[in-house]
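Here is the structure we will look at, set down as structure tokens.
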Number of protein chains: 4
Amino acid sequence: MISVGIVGGTGYTGSELLRLLVRHPCIALRAVTSRAEAGTAIAEHYTALRGLTDLSFSAPEAARLAECDLVFFATPNGTAMQEASQLLDSGVRVIDLAADFRLKDVELWQRWYGQTHAAPALVDEAVYGLPELNRRAIAGARLVANPGCYPTAVTLGLLPLLEAGVVDANRVIADVKSGVSGAGRKASTALLMAECGESFKAYSVSGHRHQPEIQENLKRALGMDVGLTFVPHLLPMVRGIEATLYATRLQPDHELAETDLTALYQKRYQDEPFVDVLPSATSVETRSVRGTNLCRVAVTEPQGAGVVVVQSVIDNLVKGAAGQAVQNMNIMFGWEETTGLALSALAP
Amino acid sequence: MISVGIVGGTGYTGSELLRLLVRHPCIALRAVTSRAEAGTAIAEHYTALRGLTDLSFSAPEAARLAECDLVFFATPNGTAMQEASQLLDSGVRVIDLAADFRLKDVELWQRWYGQTHAAPALVDEAVYGLPELNRRAIAGARLVANPGCYPTAVTLGLLPLLEAGVVDANRVIADVKSGVSGAGRKASTALLMAECGESFKAYSVSGHRHQPEIQENLKRALGMDVGLTFVPHLLPMVRGIEATLYATRLQPDHELAETDLTALYQKRYQDEPFVDVLPSATSVETRSVRGTNLCRVAVTEPQGAGVVVVQSVIDNLVKGAAGQAVQNMNIMFGWEETTGLALSALAP
Amino acid sequence: MISVGIVGGTGYTGSELLRLLVRHPCIALRAVTSRAEAGTAIAEHYTALRGLTDLSFSAPEAARLAECDLVFFATPNGTAMQEASQLLDSGVRVIDLAADFRLKDVELWQRWYGQTHAAPALVDEAVYGLPELNRRAIAGARLVANPGCYPTAVTLGLLPLLEAGVVDANRVIADVKSGVSGAGRKASTALLMAECGESFKAYSVSGHRHQPEIQENLKRALGMDVGLTFVPHLLPMVRGIEATLYATRLQPDHELAETDLTALYQKRYQDEPFVDVLPSATSVETRSVRGTNLCRVAVTEPQGAGVVVVQSVIDNLVKGAAGQAVQNMNIMFGWEETTGLALSALAP
Amino acid sequence: MISVGIVGGTGYTGSELLRLLVRHPCIALRAVTSRAEAGTAIAEHYTALRGLTDLSFSAPEAARLAECDLVFFATPNGTAMQEASQLLDSGVRVIDLAADFRLKDVELWQRWYGQTHAAPALVDEAVYGLPELNRRAIAGARLVANPGCYPTAVTLGLLPLLEAGVVDANRVIADVKSGVSGAGRKASTALLMAECGESFKAYSVSGHRHQPEIQENLKRALGMDVGLTFVPHLLPMVRGIEATLYATRLQPDHELAETDLTALYQKRYQDEPFVDVLPSATSVETRSVRGTNLCRVAVTEPQGAGVVVVQSVIDNLVKGAAGQAVQNMNIMFGWEETTGLALSALAP
């Protein structure tokens, strides 16, 4: 049993983390901080947690967090970089669910996030917490940068193709769609149900922060630049991300059949507990992973047009955020990777 | 005033056609047929039409339809090709909202639609009813093939780029998303709200009938083959199509700036009453055209990556079906093209 | 042609008013004010209005509004009562879409709205703008208090029963449900799609401002106290209100058959252009009035249990707000009551 | 470990039962039958169950089911009554999730369900499986009639009030709302997303089968007739039921304060693992129980009007169907009642 703290427990990643951690057999929740809700019982704030925890939110307090073995930051971008250093110095391990440590290139980070990085010295040490890419490094990490939701779906969808070198890495297209919970729990007219319901749109067409995250981490992993056009869209639903990925086959003579592509994915992910490869041309529904830590993928090459189409779905709050953070914790502390993550999808 | 008939008035294209026609100043509805609902008052079937029409559905009856000036087929694929010939012989003009006359290549049609074409002799005569492409031919047509919903959104989104030759026509990607009304009003478990609600998926990833329709009509219009990867998706909402289109710039040195691309679109569509070009990088929402005959488009070139991104939205039941049919009727009978189509979008 | 101003044009009632007024044949829009958006083109703020108006939002300016024949307030509660007096003195007629003048009992108003009333002297003069109740008074009014959305649906649902004295007025139950647009366009976490989507709840169970509005206006109209239990609920959708109303029959011996109840409603509303009485026991869908100024009602007496059940549906933004305001304008200026309100429901 | 069979595994109650049973520690799934899908892998039919079961659907086969310790019927109404007798004779215990054994009055059943009852002799033996009412009888039952979804929400909402005799049992109103999954997985145009999405309506206003179920079981439990007006409504969402219940206080002098009413509920349900009483006047959201076997209730007496308002929410597929069936199984086999039901709500 380890002692765990959560900084910033009132957003959606925070509440999802709580949903998972209250049933996790190896941890004890020591503190869940919230400036705004300090003193309020967690179960009063989240009716869904009634009966599952007696904790109340507490004001952020360094001393108390310093006594934890692990602290999750479920805060807006820019908080963890302020506070992680002191915790690490106290011997606390840290998983940041925000973006503070996702990019190694501090300049690039500052440009996309519009603020000065407060802890550039920690950036290099931080491990990008995508277990399917960095499992070993995560195990030994003091500081884990939990990946963004889109980058998780896109990276897992592209990895086998890029590693095998069967597609043109210079021109990959990611048409991604997310439920509204991906935007977090913040008062914003743009996220009102009266704005988002029964409508659909692309957004950030000129550029989105998750694009450099995908590109930088793929480059570190694969040693190659990936030319990526990335267009996010907002779905009129709450949970779920679907990424449809398009890449040009390098072997237009089809030495590798469509079924071979699926085999490639199956081989790449055969030992992964949270990646499930479906038959080619299957329709992969977001609801098939709702509430779970799974990424489901299918790879297809429609009508021999020389373009490979990958579908990749995750629950943005689980594999795209809190579930992946728990998976990283399991790895960091040497537990069975699926501990606390035996979740069945809620469908319908 | 002309006399108009509708064959098959109980589906969504039929009901939308009725919504538009009951307020159209130049037509009188003479017959709306439905085998299943013959004798039922239309306003009983569609509560939304109470007070707007006294007509009842009638059994299909050739004689009565033959007295019309114009007959719309809002039937499943395969019906119009059986019945159009006789009507045309009686001097009735025909607009088919189904797919029977959308492809000139009868072999191709038979392969995709899985049936023998009953009126191949009429195929050549039929005019593909996309006014922005074929206005003059539509004006003189006896038989108009009303375009599919996806092809309308995709073709209008691509036309200016392809006509100007600024993108590589060999590799165009259309990632398209539709509300569920696009699938029609048929009892099907796959279209239940419990199946489609709060979920999202691609479908027909291996191939969809609208792909050859887009390709064949672009080829006829532009004289070039377009290499198109087309992946449809099902949105958890009722109305609206969004197409995000990706094409590679042929001038990677950016002789043509992003603003020039928008200018290109504005010029192409300056006289079009139903195409609205938005500023580059705008988020184009489907609700901005809900209930209207408009197509709204925006063209962007994100971060100079050499890929042009076009957003195109329509209401699948209006510009994607019934509204376009009314627009075609207006052209065929020499009326102001916007007659009966002065519709404001319902947003929110 | 009269000259019209709108104060506060950026919320949902404001945008809906614009949707209706840009096509109204008898008015010219002179000013649409918004402190926040002054200078912005209306069509830029509301993509749905592109091509329909060239106006920009202007800063609130008394002089300009004073030149109008009619000013609509589509502002939060508490604004119209500050500004109406000066406009009325300038000879401008006023329709307030907020709640400032809906209650005659100023004490009661102040208790429910938590502020001091700034214009108690105008309260008596204001006419409650429910045409089906107060048509004559509206025609001559300088100041009209446009009813709340719930009160419109509930009052129209109850009127025939209460006027005829066939139910016990001491115990009426109104179980009402509204789409989220009813709560307005304000940044609030409670109204986020991630909070409201795929969920349903009652709210304000202890009491809601619309309850005294219904009771006071029924008392004025009918001269009797109505004992009303009113429980509002939030629907996971954008537009539409459904009220299910329960009242006990005073004649348990069924002198008046169920069909007679429907006849009672038909008679009461036979000359009303915007109330449509459906057959008993029909399912009355909110979508059957979406986008229109209609109220559709059905009255049923299930299984002789002595309880009358009324279903009443409206579009909260049209008959529940902007459409009713236009109807009131039409009455005030002596135009055909349906002018500018020939709207067909968008279904599906 | 017991051996369990499911007859009719392809509907929503069947799939939900599978979701729960594949993780239940005390059972082994022996057979899941489906005439239509015999031979298909369950995980192929339900992508959500990939990796959780290797079973395939099998054709209904009496011999194989007869070897089970327990058989669930997740079939349409009318199937269990044909097959239960033979299974019971073989010593198999049976839980019917359909309506075949929910009413003791066979005449009444036949009238509402429009068919002749095939096993009237079993009707008396069947135990109505609402644990909060019949726990002891369930423990010893061979045949359990799992309650309907609405009756579960309504009965749990009313029980404390009726048992304590604080409200007038002659006139209780249940305004109930359900997500579309409550209607089952059957091809029906009325349940299409294009019909149900973004709309709301009452249905079966003249009478619904769940009304006699509630009345009969309350009468058996309490020895009193309950005069119930019951109006169901269809919500534009997938999962969840909310019942708002209205009853007149018998003590108009308020001997019992509102807080006492909540205390009454807390006392009644203090030992119930699956009923959670919330503070008076709380908004009780359906999402707070999504995916769980909980019923959450709150009781309020708004503004001393003499009417008690109860909110009761359940997940129609869990506490309203499959979860309650598992709870009943746990009771029948003497296991901890919460076994396999430690589910956290998915919110948002």
Seminar exercise, completed: Dividing the mean separation of Cα pairs under 8 Å (6+ apart) by the residue count of chain C yields a relative contact order in percent of 17
Problem set entry | Degrees separating the helix A:12-21 axis from the principal Cα axis of chain A, which is the longest one | 80
Problem set entry | Accessible area that becomes buried as D packs against B, both chains, 1.4 Å probe, Å², nearest 100 | 1600
Problem set entry | Max mean-square fluctuation residue, GNM over chain B, Cα-Cα springs under 10 Å, options B:Thr282, B:Thr300, B:Thr189 | B:Thr189
Seminar exercise, completed: 1/(1 + (r/R0)^6) with r = Cβ-Cβ of D:Gln82 and C:Met224, R0 = 45 Å, i.e. FRET efficiency to nearest 0.05, evaluates to 0.20
Problem set entry | Charge dipole magnitude, Cβ of K and R +1, D and E -1 - chain B, Cα centre, debye nearest 20 | 560
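Need one number: % antiparallel among DSSP beta bridges in chain C, to the nearest 5.
Roughly 45 percent of the DSSP beta bridges within chain C come out antiparallel.
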For this session: Please name whichever of B:Ala59, B:Gly39, B:Gln86 sits farthest to the positive end of the charge dipole of the range B:2-125, dipole taken about the Cα centre and charges placed at Cβ: Lys and Arg +1, Asp and Glu -1.
Result: B:Gly39
Problem set entry | Under 5 Å, built H, 5+ apart or other chain: amide partners of B:Ser58 | B:Val32, B:Thr33, B:Ser34, B:Gly39
Problem set entry | Diffusion constant of chain C at 20 °C, which comes from Stokes-Einstein with the Kirkwood Cα-pair radius and 1.002 mPa s, µm²/s | 104
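Given +1 on the Cβ of Lys and Arg, -1 on the Cβ of Asp and Glu, and no further charges, what dipole in debye does the range C:150-316 carry about its Cα centre, rounded to the nearest 20?
About 660 debye.
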Exercise. Using alpha carbons only, how many degrees (0 to 90, rounded to 10) separate the axis of helix B:258-268 from the longest principal axis of chain B?
Worked result: 30
Problem set entry | Using θ = phi - 60° and Karplus 6.51 cos²θ - 1.76 cosθ + 1.60, couplings along the range A:207-224 (whole Hz; Gly, Pro as x) | x, 9, 4, 6, 5, x, 4, 5, 5, 5, 6, 5, 5, 4, 6, 10, x, 9
Problem set entry | Gyration tensor over alpha-carbon atoms, the protein assembly as shown, equivalent ellipsoid semi-axes in Å | 43, 43, 35
Exercise. At D:Ser188, label 7 Å along Cα→Cβ: distances to the other copies, nm, ascending?
Worked result: 1.9, 3.5, 3.9
Exercise. Based on the alpha-carbon gyration tensor of the range B:91-206 and its eigenvalue square roots a ≥ b ≥ c, which shape applies: rounded if a/c is under 1.5, prolate if not and a/b is larger than b/c, or oblate?
Worked result: oblate
Seminar exercise, completed: Share (percent) of C-alpha pair distances in the range A:1-78 greater than 20 Å works out to 20
Seminar exercise, completed: Restricting to lysines and to Cα separations under 30 Å from B:Lys319, and discarding same-chain partners fewer than 8 apart, the set is A:Lys177, A:Lys201, B:Lys104, B:Lys177, B:Lys186, B:Lys201, B:Lys219, B:Lys267, C:Lys319, D:Lys201
Problem set entry | Sequence of B:Glu16, B:Glu198 when ordered by accessible area, the most exposed leading, probe 1.4 angstrom | B:Glu198, B:Glu16
For this session: Scan around A:Arg290 for amide H atoms under 5 Å from its own, H built in the peptide plane at 1.01 Å from N, and keep only partners 5 or more places away or cross-chain.
Result: A:Leu346
Seminar exercise, completed: the range B:160-199 scanned against label point 7 Å out from B:Gln270 along Cα→C-beta; backbone N under 19 Å for B:160-165
For this session: Could you go through the range A:187-192 in sequence order and give the Karplus-derived ³J(HN,Hα) for each residue, using 6.51 cos²θ - 1.76 cosθ + 1.60 with θ = phi - 60°, rounded to whole Hz, and x for Gly and Pro?
Result: 5, 7, 4, 4, 9, 4
Problem set entry | Rounded to the nearest 10 Å², the accessible area of B:Phe274 at probe 1.4 Å | 10
Seminar exercise, completed: Rounded to two decimals, the Rg over Rh value of the range B:150-316 from Cα coordinates and the Kirkwood Rh reads 0.98
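Can you give the helix-only mean residue ellipticity at 222 nm for chain B, where every DSSP H stretch with n ≥ 4 adds -39500 (n - 2.57) and the sum goes over all residues, rounded to the nearest 500 deg cm²/dmol?
-8500 deg cm²/dmol
Counting only DSSP beta bridges with both residues in the range B:150-316, tell me the antiparallel percent, nearest 5. Could you put the intermediate results ahead of the total?
On the way: 24 of 34 bridges.
Of the beta bridges lying entirely in the range B:150-316, close to 70 percent run antiparallel.
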Seminar exercise, completed: Debye calc, one equal point scatterer per Cα of the range A:37-93, no solvent, log10 I(q)/I(0) at q = 0.18, 0.22, 0.29 1/Å comes to -0.73, -0.93, -1.11
Problem set entry | Estimated D of the range B:239-323 in µm² per second, where Rh is the Kirkwood radius over Cα pairs and Stokes-Einstein applies at 20 °C, 1.002 mPa s | 161
Problem set entry | For the range D:1-105: relative contact order, % (alpha-carbon pairs under 8 angstrom, 6 or more apart) | 28
For this session: Evaluate the relative contact order of the range B:150-316 (contact order divided by residue number), counting alpha-carbon pairs under 8 angstrom at least 6 apart; express in whole percent.
Result: 30
For this session: Quick one: which residues, 5+ away or cross-chain, put their amide H under 5 Å from the amide H of D:Leu143? H built at 1.01 Å from N.
Result: D:Val94, D:Val127
Seminar exercise, completed: In order over the range D:282-297: 3J(HN,Hα) from phi, Karplus 6.51/-1.76/1.60, θ = phi - 60°, whole Hz, x for each Gly or Pro, gives 4, 7, 9, 8, 4, 5, 5, 10, 4, x, 10, 8, 7, 10, 10, 10
For this session: Can you quote the Å³ per residue value for the convex hull of the Cα atoms in the range B:1-160, rounded to an integer?
Result: 126
Exercise. Taking the Cβ-Cβ separation of A:Leu108 and A:Lys186 as r and a Förster radius of 30 Å, what is the calculated FRET efficiency to the nearest 0.05?
Worked result: 0.75
Exercise. Which residues of the range C:272-287 show a drop of at least 40 Å² in accessible area when all protein chains are present, compared with their chain alone (probe radius 1.4 Å, heavy atoms only, ligands and nucleic acids excluded)?
Worked result: C:Ser283, C:Glu285, C:Arg287
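The values are calculated or read from the model by the stated rules, or taken from the named source; none is laboratory data. In this text the structure is predicted, and so the values were computed from the model without any measurement. Note that we place each Cβ from the backbone using ideal geometry, even for glycine, and neighbour counts take in every protein chain shown. Heads up: the accessible areas ignore ligands, DNA and RNA and are worked out on the full protein's heavy atoms, side chains in. Shrake-Rupley method; radii C 1.70, N 1.55, O 1.52, S 1.80 Å.
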